[in-house]
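FYI, it's all coordinate maths here, none of it is from the lab. On a predicted model such as this, the values are computed, not experimentally measured, just so you know. As a convention, Cβ positions derive from the backbone with ideal geometry for all residues, glycine included, and neighbour counts pool all protein chains shown.
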């Protein structure tokens, strides 16, 4: 018989609501632009919204899929969706992991038995799935933002009670630490003694900023771009930033810094010649 994700009922059924009635709630900074409210239908439709009054929701339609359950991670950064997906060999249990904007990170295939439920561990680094009388544990590895830059480890973390992220430049031999506070760091990459910090800004020239720093965090060049730098690569004269369908090439010139702030004396023509 054909797989019917909607069941026998004509109208779509909403999955049971999930609230924060738990003994643990992760402390993290909540971004106003990040969807935090989800409505999932058994028929495979997922609606992501910033709040219950959002008039421009993100709608995801999974074909041939029956949703069993969905739960936010404790910090709200990952949405886990347990579902049964129909296929040529029969229904398969799948656990989807996606971003608050609906971008799929991974799809975990589970044993094809009775998928009862699943839940998050308090730190958000593990998911427990109940299938029949068995408990299956899946360990999650977050996408940590870090790089190695001329004997310095550069790593970034988010502050729970402050609007800025922190980029730490830790010199491994002298054991010295330098910190930079930047709004919304999205990526980091390094080459030899230079490091690129990509952040989301509200500048007119572009919503994203590539900031080139030395091994102690002092800026030596910067460039505004219009695409989200999900992927970054750098060599001795070029930075390539890309998203899923486009890329930007920046031929940089690392100038000796005269003060902690990046000099903005470059003309518009110079910046345009460095980007394709």
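Summary table
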item: Likely footprinting exposure, 149, 70, fewest C-beta neighbours within 10 Å first; result: 70, 149
item: Sorted by Cβ neighbour density within 10 Å, fewest at the top, the residues 50, 230, 141; result: 141, 230, 50
item: Over the range 111-252, relative contact order from alpha-carbon pairs under 8 Å, at least 6 apart, %; result: 13
item: Zone of residue 181's modelled label, taken as backbone nitrogen in the range 196-226 under 18 Å from a point 7 Å along Cα→Cβ; result: 199-202, 217-219
item: Relative contact order [Cα under 8 Å, 6+ residues apart], the range 37-139, whole percent; result: 16
item: Per-residue Cβ neighbour rank within 10 angstrom, fewest leading, 34, 61, 143; result: 143, 61, 34
item: Value of relative contact order over the range 130-189, rounded to a whole percent, pairs C-alpha under 8 Å and six or more apart; result: 26
